[in-house]
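The values are calculated or read from the model by the stated rules, or taken from the named source; none is laboratory data. It should be emphasised that the depicted structure is a prediction, and the values quoted were computed from it without experimental measurement. Counting neighbours? That spans all protein chains shown, and the Cβs are built from the backbone with ideal geometry, glycine included.
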Amino acid sequence: MSAGPSKFVQVVIASPVRQHFDYLPAEGLNAMDYRVGTRVEVPFGRRNMIGIVIGHSQDSSIPADKLKAIRQQLDTVAIVNEDLLALAEWMSSYYHHPFGDTLLSLLPNQLRKGGSINAYTQCCWKISHHGLGLPDNALSRAPKQAALLSFLRTAELATANTLTTETALKHAGHSRASALELAKKDLVTASEQAYYPSDCQSLLTGQAQDQPPTLNNEQIAAGTLISDRLDSFDTVLLEGITGSGKTEVYLRAIEKVLANDQQVLVLVPEIGLTPQTINRFVNRFDVPIAIFHSGLTDRERLAAWTAAKDGVAGIIIGTRSAVFTPMANAGLIIIDEEHDGSYKQQDSLRYSARDIAIIRARTKNIPVVLGSATPSLETLFNVQTKKYLHATLKERAGSASPPSIEILDIRCKELHEGLSDNAIAAISETLSNGQQAMVFVNRRGFAPLLMCHDCGWHAQCDHCDARLTLHNRPRELRCHHCDHRTHVPSSCVRCQSTRLLNVGQGTQRSADALSALFPQFPVIRIDRDTTQGKQAMGEQVDLINRGEPAILVGTQMLAKGHHFPALNLVIVLDIDQGLYNPDFRGPEKTVQLLTQVAGRAGRTGHAGKVLIQTHLPEHPLLQIWQTESYQGIVEAMLNERSLRSLPPYAHIALIRADSHKPEHAMQFLNSLAMQQTNRVNQNGCQLIGPLAAVMEKRAGRHRAQLMIKSEHRKSLHGEVKQLIHWLDQSKKPSGLRWSIDIDPQDVI
């Protein structure tokens, strides 16, 4: 007996509820009229929401007379293909996140809001059958209309079914008004068609004007390793010291992929890297290049998404969320600076773009390349266990050599706005030689602390356990955790003393000090405060790339991936905080940052120099790094992780909770731990905590966390699933929020 037709449409929405919802088809439609992967507008509670059809059914757990009907069908063809549906299912399972919210997260914002899949449309005109048969003299009293009709008739006869854009009409000397008059007479028809405007910021046309440089033997070997695996899945770590020419290896592999009419996805960690990276690709290839980053409008991002989905774009370059971009014919995925923490989403759906890229590559049976001068310990562990292939570049490309590194002991030394005499002298010498110097300060603003000299009061955020940072332009106190802003007091709020001190260094203060010391040279400051405009970062990078003597002042935005030919000196003002970071990943992140910053110096033949100012010159991390570089310290860090049973030798998950009331988050997680301890221990997992977060109060909410650890990933996920079941069923204090973070990058 055959099953009857489906009666209900299964829809998921962006909701914390871990299930789909059944809906009736709209009047006059059948359930099967709604294709899987299409968007619909559905009533949900008192609101209308955008959902995605994931299936159909004959039965529902809810009586049919209680079900609501779909309000509107937004797509006639699926915008979510089978690949993205499967990816969302995997992500929902692995990250223990509701499937509906996961699936909607893969779409551009404009589609999530219910907008048209066409980012840009234009009016197109076509002569009608009636217009084709109209006698030549029929419009003799309307010569402009007659001329336009003749133009459209010629276009139709030249190529059948041709649509003529309004832009083409204007270029030919015809007006929209004439076209509208013809439409009233049924002589022409108008339709809206999708197109990509030439000035769209997210879709660029390659120029293919640069000639490839000559590769060295290491680059040739690395390129061969990648090229030999273009027809199958493999993960290749391309480990190359800074300036070794990793990007050129990427470009040669991309050439081969494009020659096969396939697409390439390239992920970069920061929006700040995109201008320089994009220029290299535009100048190298003659294919359309789709761009994704947070500086684009929703419409521009949608245009890039559809260009990749339809196969228009041969290369897709973007930051973290670009990993979800559908590709018509994927051939290769590249993750540049694979170690970078920005690939990990830190709220809502806490995914790792690097790990998602590997999953996508495996599904599509294509290779993925992970590039870095300082690979993550997890990636290096996968190389050691033969899960990943390994290519190394140990020499700088061309005639460049690694910079010399000097540790400056600044204990008991006189400092000028954080700069030692040695650092100032080195900057002066560099500028005199016609070169550039970079001062790295890993803090925005003018000063990290406003303090009273008489009573010790310091400006504190009312909403976080954090000090307010002083900014001079505009002059205000700002919290870099919740963005709370307030005026700068003229006197101490505790003792009314007017002796307020600006303690510590920020990029703004360092830039001001360097401008005063070297007034004849430009000081270029790059941080999130100075690069907020759409073109701001590109303009700053262009200014640096002129090669004129200058001083660069910046945060991590300057530390990674940039190639500044005239930069010869790098000074790191304050690395001490990172040396005693309580997070177990602290040493790894600190040495990675030092290596990346140091790698900006001396990349074009000059002997670069790096000065590290510190109050801890004997710290073993600094000593080993100075003599043995990042590669020399990796084994020691892995051994420590192994002894402490930490990733990559174990797997962890964090359950975080927060509430406006101080005790609620901790009490809630304590209840969870007490309920689950015996069963968790029996299954080889370990509960650690709950503990208050290092910054216990943030944005007015009090935070606590519970860690689950296991040497076996399957056991960990089994326990997390049970914990979530308990969390879903338990009664929670009003206003309490909780979340799950699998493979967290920040555990403090």
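Values for this structure:
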read-out: Condition met for Arg499 (modelled with pLDDT under 80, assigned by TED's automatic domain parsing to the domain that holds Val439 and on the phi < 0 side of the Ramachandran plot); value: no
read-out: Qualifying position, being touching a helix residue (DSSP H, G or I) at 6+ places or on another chain (Cβ under 7 Å), among the hydroxyl-bearing types (Ser, Thr, Tyr), modelled with pLDDT of 75 or more and within 21 Å of Glu248 (Cβ to Cβ), among Thr595, Thr614, Thr590; value: Thr595
read-out: Filter result for the condition that a residue is buried (at least 19 other Cβ atoms within 10 Å of the Cβ) and either at pLDDT below 95 or under 18 Å from Leu111 (Cα atoms) (or both), over Val11, Val36; value: Val11
read-out: Filtered residue count, segment 572-585, keeping only those that are crowded, with 17+ Cβ neighbours inside 10 Å and farther than 19 Å from Glu406 by Cα; value: 1
read-out: Given (1) in a helix (DSSP H, G or I); (2) out of contact with any strand residue (DSSP E or B) (no Cβ under 9 Å at 6 or more places or on another chain); (3) not small (Gly, Ala, Ser), index of the condition Leu111 fails; value: (2)
read-out: Residue ranges of helices (runs of 4 or more DSSP H) in segment 345-432 with at least 1 members modelled with pLDDT of 90 or more, crowded, with 22+ Cβ neighbours inside 10 Å and not assigned by TED's automatic domain parsing to the domain that holds Gly245; value: 421-432
read-out: Checking Ile226 against (1) at pLDDT below 95; (2) part of a helix (DSSP H, G or I), the condition it does not meet; value: (1)
read-out: Conditions (1) modelled with pLDDT of 95 or more; (2) under 18 Å from Ile333 (Cα atoms): number failed by Ala221; value: (2)
read-out: Filtered residues of segment 586-620 (kept if without any contact (Cβ under 8 Å) to a residue 40 or more places away in the chain and surrounded by fewer than 20 Cβ atoms within 10 Å (Cβ to Cβ)); value: Gly586, Glu618, Pro620
read-out: Failed condition for Ser60, given (1) at pLDDT below 95; (2) under 30 Å from Leu723 (Cα atoms); (3) of a type outside the set (Phe, Trp, Tyr); (4) in a helix (DSSP H, G or I); value: (4)
read-out: Residues within segment 100-109 that are within 15 Å of Val12 (Cα to Cα) and either out of contact with any Ser or Thr (no Cβ under 9 Å at 6 or more places or on another chain) or buried (at least 21 other Cβ atoms within 10 Å of the Cβ) (or both), tallied; value: 6
read-out: Breaking point among (1) in a loop (DSSP other than H, G, I, E, B); (2) outside the structural domain of Ser140 (by TED's automatic domain parsing), for Gln219; value: (1)
read-out: Single condition Gln505 does not satisfy, out of (1) crowded, with 21+ Cβ neighbours inside 10 Å; (2) modelled with pLDDT of 75 or more; (3) in a loop (DSSP other than H, G, I, E, B); value: (2)
read-out: Strands (runs of 3 or more DSSP E) completely within segment 564-666 that count 2 or more residues being of a type in the set (Gly, Ala, Ser) and not assigned by TED's automatic domain parsing to the domain that holds Ala437; value: 651-659
read-out: Extreme residue, surrounded by the fewest Cβ atoms within 10 Å (Cβ to Cβ), among residues of segment 453-473 that are among the aliphatic types (A, V, I, L, M) and under 30 Å from the mean Cα position of the chain (by Cα); value: Ala466
read-out: Index of the failed condition, Leu225 passing every other in (1) more than 24 Å from His562 (Cα to Cα); (2) aliphatic (A, V, I, L, M); (3) free of Cβ contacts under 8 Å to residues at least 12 places away in the same chain; value: (3)
read-out: Residue in segment 359-378 that is of a type in the set (D, E, K, R) and either over 25 Å from Glu89 (Cβ atoms) or under 13 Å from the mean Cα position of the chain (by Cα) (or both) present; value: no
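Conditions (1) out of contact with any strand residue (DSSP E or B) (no Cβ under 8 Å at 6 or more places or on another chain); (2) among the polar types (S, T, N, Q), marked per residue:
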residue	(1), (2)
Asn216	yes, yes
Thr235	no, yes
Gly240	no, no
Ser244	no, yes
Thr247	no, yes
Asp261	yes, no
Leu265	no, no
